[in-house]
Amino acid sequence: MTSREQHDRMANAIRFLSMDAVEKANSGHPGLPMGCADIATVLFTRFLKFDAKAPHWADRDRFILSAGHGSMLLYSLLYLTGYEDMTIDQIKNFRQLGSKTAGHPEYGHAAGIETTTGPLGQGLANSVGFALGERIMNAAFGNDLVNHYTYVLAGDGCLMEGVSQEAIALAGHLKLNKLIVFWDNNNISIDGPVSLADNTDQVARFQASGWNASHIDGTDPEAIAYAIEAARHSDKPTMIACKTTIGFGAPTKAGTNKAHGSPLGAEEIAGARKFFNWESPPFEVPADILDAWRAVGTGGAKARADWEGRLAKADAQLKGEFERRLAGKLPSNFDAVIADYKKKLSADKPKVATRKSSEMALEVINGAVPETIGGSADLTGSNNTKTSQTKNITPDDYGQRYVHYGIREHGMAAAINGLTLHGGLIAYGGTFLCFSDYARPSMRLASLMGIRSIFVMTHDSIGLGEDGPTHQPVEHLAALRAIPNHNVFRPADAVETAECWQLALESEKTPSTLALTRQNLPTVRNEFSEKNLSASGAYELAAANGEAAVTIFATGSEVEIALGARELLEKHGHPTRVVSVPCFELFDRQSEDYRKKTIGNTKVKVAIEAGIRQGWDHLIGTGGIFVGMHGFGASGSIEQLYPHFGITAEAAAKAVEARLHGD
Ligand SMILES: Cc1ncc(C[n+]2csc(CCOP(=O)(O)OP(=O)(O)O)c2C)c(N)n1
């Protein structure tokens, strides 16, 4: 048991590393680490189950700094507890190019950073996925192997962001009682006092969402410990409202927004050194305090060794499966399962919507890959995300594989990221493509983190019909393609859909969006190919009869239209090839030779996609013909809308002939 004096000195080590690092970097946020040092010290010294020497230990407790601007709190803790990645030089190089200590915590930069945070609310919303992931893995592998907590530190900003409501409502509903959130209740944000913009009774709000919540003094170690202990025995998730002072210890800036987003300055830091009676120079931690922290870092070694013993003794099949899933590797028969399924599709030639093709593919995938966790933001029947294997996850049964996320697209996407980051699971969730806008901040972070989150976006064009322009995506394909490291798949038929799903599952470091139709589409891939043709992003689907004069590029539902246009053009004596483009991003990664060959150099190039032109010029050139949308859609039947917007085989063929005849 640490004495109060020892606790204070350990907490002060966090405070000084943070204020000195921010000072040296001449940017950053010293206020949060100074205010929350007591909370972090109690959590890490008395509760958090971890082993700094084995930072990826599967059964570690997770600590998520949702208030990512306070990144120096996390970096200080990782350095003090002895994570190998986090040297004192990294602390000294806070925010410098190439350091692991980026402005905000970046997943993958250093062990111990469980998720990328900074956009407020994301960490809190990810934590729902982490905590749910723990319960799902616990149900699959038992208490001996999976039994850990998810702790979150969130600020006023996290709680003001809309996504926080989606997250806490979902966590309360699912009774994720091993989720414990500390709210840094310091009444300050950037503009000044929180009361400038908010008067929410946060404790009442969390309680109303099915949480335990209470107020404590966030600088009193015993109060903090007591609250954590109670939270660990709760049957609900817990929010601990910790009253703190931003920049605690800074003589004039404490308690004000001046301690938020800029260095304190030499004078304030000197004052803080006096206030805390801290004599060590910057970046030096007194040896006894560093030793005490290092002992905390290795304090979990025995628990980890015991866990490894249990894993070693576990049933061989269970152990093998656990290790396979945590390594993120698919079952060894996966490719064969997909190849068999594709063979069947090429023979059956189903005429179904790609959302249905997706369901059919998932039926096969979910049968072969037990770690998939499906879900939808209240559009299950429309997104076709549920299969025979995926029954509802409920607070009484985490051993199932389907999450009804409710009408919470953003919360769903963030939770999918959390499930993915937890490890052992492959999570996908659906909504309408148009509402990817509501999920986009988390989709972007999945790309930034380089993780295998999968987003199923149906109703992918004006083809959805009468719901009208509010629901008809127009710019969404282009907008999603604009996100770096994000594979946007738009398959043309059941075979390509199976291939795109295969690619999404195999893509360990790039998230995927599958854009899928509501309307039925014929099978265009009638000949079985064991090779995944969609993997090259674009490929010649139909060759020209003779030397090609025209190339038509198309995606998804417009591939059928492209084939129709080809037929008309061929009839009129214009040899035409059709290139299916299921994924821009994968095509861009092909060799120059392949790209040149696939794009070709026909006199006329055409793209057909029921979205905006943006992004297509790199295939068809600025002089290419684009058949697609030029503004918002309209409410009407699909039979009316495609001709209304000129997206037909006839219109495409006419435009080509006009060009060929030099009009
Ligand atoms: C989505 C998002 N919006 C805005 C910001 C910019 N921002 C960073 S911190 C902050 C204020 C946060 O206030 P609070 O959570 O109370 O943190 P404290 O000032 O107490 O450290 C803002 C607006 C952000 N990081 N993310």
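List of remarks:
- Candidates LEU78, LEU74 - the one that is farther than 23 Å from ASP144 by Cα, open to solvent by less than 10 Å² (accessible area, probe 1.4 Å) and in contact with a Leu (Cβ under 6 Å, 6 or more places away or on another chain): LEU74
- Flag if TRP293 is hydrophobic (A, V, I, L, M, F, W, C) and closer than 12 Å to LEU145 by Cα: no
- Pairs are defined by a Cβ separation below 7 Å, a sequence spacing of at least 6 or placement on different chains, a first member in the range 478-491 that is in a helix (DSSP H, G or I), and a second member that is open to solvent by less than 10 Å² (accessible area, probe 1.4 Å); the pairs so defined are ALA478/GLY611; LEU480/SER436; LEU480/HIS486; LEU480/VAL488; LEU480/THR513; ARG481/VAL488.
- Criterion (outside any loop (DSSP other than H, G, I, E, B), surrounded by 18 or more Cβ atoms within 10 Å (Cβ to Cβ) and of a type in the set (A, V, I, L, M, F, W, C)) met by exactly one of ALA254, ALA250, ALA292, ALA270: ALA292
- Within the range 108-151, considering residues that are part of a loop (DSSP other than H, G, I, E, B), among the small types (Gly, Ala, Ser) and open to solvent by 10 Å² or more (accessible area, probe 1.4 Å), the one farthest from the ligand (Cβ to nearest atom): GLY142
- Contact annotation: residue pairs with Cβ atoms under 8 Å, 6 or more positions apart or on different chains, pairing a residue in the range 530-545 that is more than 19 Å from LYS596 (Cβ to Cβ) and open to solvent by 40 Å² or more (accessible area, probe 1.4 Å) with a partner that is of a type outside the set (Lys, Arg) and modelled with pLDDT of 95 or more, are GLU530/ALA339; ASN545/GLU570; ASN545/PRO575.
- Which listed residue is over 16 Å from LEU153 (Cα atoms), open to solvent by 10 Å² or more (accessible area, probe 1.4 Å) and either outside any helix (DSSP H, G or I) or not charged (D, E, K, R) (or both), from SER18, SER27: SER27
- When GLY103 is tested against the conditions (1) within 14 Å of the ligand (Cβ to nearest atom); (2) touching a residue at least 60 places away in the same chain (Cβ under 8 Å); (3) closer than 20 Å to LEU264 by Cβ; (4) buried (at least 24 other Cβ atoms within 10 Å of the Cβ), the lone failure is (4).
- Complete set of residues in the range 51-63 that are open to solvent by 10 Å² or more (accessible area, probe 1.4 Å) and not aliphatic (A, V, I, L, M): LYS53, PRO55, HIS56, TRP57, ARG60, PHE63
- Residue within the range 164-183 that is within 16 Å of the ligand (Cβ to nearest atom), surrounded by fewer than 24 Cβ atoms within 10 Å (Cβ to Cβ) and not in a loop (DSSP other than H, G, I, E, B) present: yes
- Lone qualifier among GLY631, GLY600 - being more than 15 Å from TYR539 (Cα to Cα) and open to solvent by 10 Å² or more (accessible area, probe 1.4 Å): GLY631
For (1) crowded, with 24+ Cβ neighbours inside 10 Å; (2) of a type in the set (A, V, I, L, M); (3) more than 17 Å from THR354 (Cβ to Cβ), each residue gets a yes or a no:
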site	(1), (2), (3)
GLY418	yes, no, yes
HIS422	yes, no, yes
GLY450	no, no, yes
GLY463	no, no, no
GLU466	no, no, yes
ARG481	no, no, yes
PRO484	no, no, yes
LYS509	no, no, yes
LEU514	yes, yes, no
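- With respect to (1) in contact with a Pro (Cβ under 7 Å, 6 or more places away or on another chain); (2) at pLDDT 95 or above, the lone exception for ALA259 is condition (2).
- THR458 satisfies every condition listed in (1) in contact with a Leu (Cβ under 8 Å, 6 or more places away or on another chain); (2) hydroxyl-bearing (Ser, Thr, Tyr); (3) within 22 Å of SER127 (Cα to Cα) except (3).
- Only one entry of GLY367, GLY328, GLY320 meets the criterion of being at positive phi and open to solvent by 10 Å² or more (accessible area, probe 1.4 Å), and that entry is GLY328.
The values are calculated or read from the model by the stated rules, or taken from the named source; none is laboratory data. What you see is a predicted model; the values in this text were computed from it and never measured. Here the Cβ is made from the backbone with ideal geometry for all residues, glycine too, and neighbour counts use every protein chain on show. Surface accessibility is based on the protein's heavy atoms, side chains included, excluding ligands, DNA and RNA. Shrake-Rupley method; radii C 1.70, N 1.55, O 1.52, S 1.80 Å.
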